[in-house]
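Worksheet for the structure shown next.
The values are calculated or read from the model by the stated rules, or taken from the named source; none is laboratory data. Treat the numbers as computed from the prediction; the structure is a model and nothing was measured. Methodologically, a virtual Cβ is constructed for each residue, glycine included, from the backbone with ideal geometry; neighbour enumeration extends over all protein chains shown. SASA here: full protein model, heavy atoms, side chains in, ligands and nucleic acids out. Shrake-Rupley method; radii C 1.70, N 1.55, O 1.52, S 1.80 Å.
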Amino acid sequence: MSLSKPENLLLVGASALVGVALAAILNRDSTLDKHKQDFGLEKVEEKQVGKQRVLQRGKTGINLDRQMSSTNHLQDIQAESEEALELRKLIKKQQEMTQQLLQLAAPIVDRCPHLVDLYGLAERFMVSPLIGDNLKRSIFGGGGFLPKDAFMQDDSFVIAQKDHSTMREVVQSLKFTKGGPREHVFFNPKTVKAAIVTCGGLCPGLNVVIREIVMSLYFNYEAHEIYGIQWGYKGFYTNPDKSWIELTPQVVKNIHKLGGTILGSSRGGFQKDKILDEIQKRGINQVYIIGGDGTHRGINELIKRAMERRMIISFVGIPKTIDNDIPIIDNSFGFNTACEVAERMIEAAYTEATNAQNGIGLVKLMGRYSGFIARNASLANGNVDMCLIPELPFELEGPKGFYEQIITKLKEQNHCVIVVAEGAEEGLINPNEKITQVEKRDDSNNLIFDDIGKFLRDAIPKYAKTKHQMAVTLKYIDPTYAIRSVPANAVDTIMCAKLAQNAVHGAMSGYTGFSVGVVRNAVAYIPITTLIDAGVNRVSMTERTWQRLMAQNRQKYMINDDFKDKAWEVIRQKQEERKQVFRDILKRVRQQHDAIIRGSPVLQEAEIDNA
Ligand SMILES: Nc1ncnc2c1ncn2[C@@H]1O[C@H](COP(=O)(O)OP(=O)(O)O)[C@@H](O)[C@H]1O
Ligand SMILES: O=P(O)(O)OC[C@H]1O[C@](O)(COP(=O)(O)O)[C@@H](O)[C@@H]1O
């Protein structure tokens, strides 16, 4: 019988359900008790050792129900009559097929690795110390404080895509495991040794994340051995006696009010074996790494190497980027704060511009590859006339170019407010207008552009004077580091706490290789490989937020006729590339899901029978 035929599936399903019911009567209670003894799970519940665990552990197909019925009661079975034995075998097969059917019907979720699967470990879980032992404690706090139904099931998921118009689209959307505390934890808190490191550029909220990881490990799980690694990746192995510092609630108590990171940060200096040597030497089994895309590439390298070295460690990423250019997540922490501060700078530019004849306020904001800060701060301010970002094709010169449009604005309203993202020159469609002459890179191999802000500060008045004999008053504001070095605002502080706590929940429950992010307003565990594959998030020219800004400031198309087609082609091509990236991810996730199902012993058996 082929399980790929729907009618056979239904047949198997129907008979399997009958079998399951029979099985439940015959051996459920006794097997469950035996399982509880074997695994020491006094509080384990029937529904938790069933199908959900099978789905979660799909990769290795570890099936607690199967273990129970096939091994634990062999002696009982042998003592029974031949007839009963046959019946039991049939029931067992039907049960397994039911599991298989459930797997076939399961949503396709992009699951992050679990240490049990990666290393083929026995499933030994402890009841979470977070569990409230009575309702009062659950409500009013103290020791274990979570009521039972506050725990997250492993098969809960978050749908990543925003819009769906058909059920088919919902089914096919990218989905991630939902973050949250699990009722059973992989790590015994007494044996946890955690390390926290911050990498890359600064961002508001780094200290909040550090603080909440420490507090959550220390007070919620009562894991007390926590280290902070100073100066980014290189701090793991450079002067380790000094750069490894012990983090306690006392140390981190007030750091959430400070900008930057108490651990310091750096670019470059990633040496995986040296990092792992030090981690191994100190017996670290949970590593929390806060950083951007470069940092996440590093985490992926560490995981691969750690597996080769058979180091059982949970590596967790907490995505950090002031530019908000990490894909999939709604927003990165610190972005809200950055936009708030940037908006005030734009307001200063507006005040200056409106208080001078032919006044121009020019603000340069961060955004190497993506213009999210410039876009959102401009929208928030509402008085920006032109916003230039890397994703926007434009020209400087010519009758429709940027300079001419400034002149038009000045003639119309006597002032002009301009926001430019530092990477905006990527949008310059005419190669003759490029600003950066020699390509430069930083220690992490990121591009460094020549300063477009300073370039425009000098070029705009010159253009107005030579081409229009117009004297302008230009005030230039470059708040770059002033924006990212501030403490997190209230919204970001709450977000950081949410991310940090869920990072700890994920690591404690044995997940690894995931990054914790808010997706459609819910916390998701996103496989780091997926985050890397998804590349850099960018503002889409056809998305509604950008369109809203265009509607608000009535910014015109800054391209002359010669480059019109090329500009459209660039936009179209970039959008197609982004779509392809997600199509590829979805394809891979689907293939993984199919492979899990095909790799299942039940399906293989059915196919052999059929042959
Ligand atoms: N491809 C990579 N593989 C491994 N480590 C990397 C990679 N790219 C960057 N890193 C490391 O990650 C850290 C931070 O990277 P960087 O690009 O500066 O910041 P971000 O993580 O914010 O993008 C640096 O220590 C850098 O050496
Ligand atoms: O001067 P630094 O420290 O290299 O950082 C500047 C760069 O970092 C960025 O803020 C990007 O960093 P993240 O997105 O990783 O936070 C760019 O916008 C900016 O060019």
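What do you reckon, is ILE477 within 16 Å of ligand 1 (Cβ to nearest atom) and hydrophobic (A, V, I, L, M, F, W, C)?
no
Every condition in (1) within 16 Å of ligand 2 (Cβ to nearest atom); (2) in contact with a Leu (Cβ under 9 Å, 6 or more places away or on another chain) holds for GLY291 except the one numbered (2).
Report yes if some residue within segment 204-212 is assigned to a loop (DSSP other than H, G, I, E, B), in contact with a Phe, Trp or Tyr (Cβ under 8 Å, 6 or more places away or on another chain), within 16 Å of ligand 2 (Cβ to nearest atom) and of a type outside the set (A, V, I, L, M); otherwise report no. Scanning segment 204-212 turns up at least one residue that is assigned to a loop (DSSP other than H, G, I, E, B), in contact with a Phe, Trp or Tyr (Cβ under 8 Å, 6 or more places away or on another chain), within 16 Å of ligand 2 (Cβ to nearest atom) and of a type outside the set (A, V, I, L, M).
The residue pairs whose first member lies in segment 378-391 and is in the same structural domain as LYS364 (by TED's automatic domain parsing), whose second member is part of a strand (DSSP E or B) and open to solvent by 10 Å² or more (accessible area, probe 1.4 Å), and whose beta carbons are closer than 9 Å, counting only pairs six or more residues apart or on different chains, are ASP385/HIS415.
Given the criterion farther than 23 Å from MET311 by Cβ and more than 16 Å from ligand 2 (Cβ to nearest atom), identify the matching residue among TYR237, TYR227, TYR218. Step through it out loud before you land on a result.
Working: TYR237 fails: farther than 23 Å from MET311 by Cβ; TYR227 fails: farther than 23 Å from MET311 by Cβ.
Result: TYR218 is the single residue among TYR237, TYR227, TYR218 that is farther than 23 Å from MET311 by Cβ and more than 16 Å from ligand 2 (Cβ to nearest atom).
So is ILE318 under 21 Å from THR261 (Cβ atoms) and either away from ligand 2 (no atom under 16 Å from the Cβ) or in contact with a helix residue (DSSP H, G or I) (Cβ under 9 Å, 6 or more places away or on another chain) (or both) or not? Give the derivation first.
Details: under 21 Å from THR261 (Cβ atoms): yes; either away from ligand 2 (no atom under 16 Å from the Cβ) or in contact with a helix residue (DSSP H, G or I) (Cβ under 9 Å, 6 or more places away or on another chain) (or both): yes.
Answer is yes for this residue.
Mind checking whether some residue in segment 202-213 is more than 23 Å from the chain's Cα centre (by Cα) and open to solvent by 10 Å² or more (accessible area, probe 1.4 Å)? Checked segment 202-213: no residue is more than 23 Å from the chain's Cα centre (by Cα) and open to solvent by 10 Å² or more (accessible area, probe 1.4 Å).
Which ones in segment 231-263 are over 20 Å from ASP273 (Cβ atoms), surrounded by 18 or more Cβ atoms within 10 Å (Cβ to Cβ) and in contact with a Gly (Cβ under 6 Å, 6 or more places away or on another chain)? Passing the criteria: LEU247, LEU263. Filtered by the rule that a residue be within 15 Å of ligand 2 (Cβ to nearest atom) and part of a strand (DSSP E or B), segment 399-429 gives VAL419, VAL420, ALA421. Taken together, the residues in segment 114-143 that are touching a Pro at 6+ places or on another chain (Cβ under 6 Å) and at pLDDT below 80 amount to 2.
Looking only at residues of segment 149-190 that are basic (Lys, Arg) and open to solvent by 70 Å² or more (accessible area, probe 1.4 Å), we find that the one that is nearest to PHE514 (Cα to Cα) is LYS162. Restricting attention to segment 233-243, the residues being in contact with a helix residue (DSSP H, G or I) (Cβ under 8 Å, 6 or more places away or on another chain) and without any contact (Cβ under 8 Å) to a residue 60 or more places away in the chain number 5.
Could you tell me whether ILE196 is of a type outside the set (Phe, Trp, Tyr), in contact (Cβ under 8 Å) with a residue 24 or more places away in the chain and in a strand (DSSP E or B)?
Details: of a type outside the set (Phe, Trp, Tyr): yes; in contact (Cβ under 8 Å) with a residue 24 or more places away in the chain: yes; in a strand (DSSP E or B): yes.
Judged against the criteria, ILE196 is a match.
Tell me, please, whether a residue that is touching a residue at least 60 places away in the same chain (Cβ under 8 Å) and farther than 30 Å from GLU404 by Cα can be found in segment 556-570. The answer is no, given that none of the residues of segment 556-570 is touching a residue at least 60 places away in the same chain (Cβ under 8 Å) and farther than 30 Å from GLU404 by Cα. Scanning segment 144-169 for residues that are at pLDDT 85 or above and small (Gly, Ala, Ser) returns SER156, ALA160, SER165.
What number of residues within segment 430-446 satisfy the criterion of being within 16 Å of ligand 1 (Cβ to nearest atom) and assigned to a loop (DSSP other than H, G, I, E, B)? Write out each step before concluding.
At the first step, the residues of segment 430-446 found to be within 16 Å of ligand 1 (Cβ to nearest atom) are 440-446.
Those left that are additionally assigned to a loop (DSSP other than H, G, I, E, B): 442-446.
Residues meeting the conditions: 5.
If you go through segment 344-392 and pick out every residue that is among the acidic types (Asp, Glu) and open to solvent by 30 Å² or more (accessible area, probe 1.4 Å), you end up with 2. Checking each residue in segment 367-388 for being farther than 19 Å from ILE329 by Cα and part of a loop (DSSP other than H, G, I, E, B) picks out GLY382, ASN383, VAL384, ASP385.
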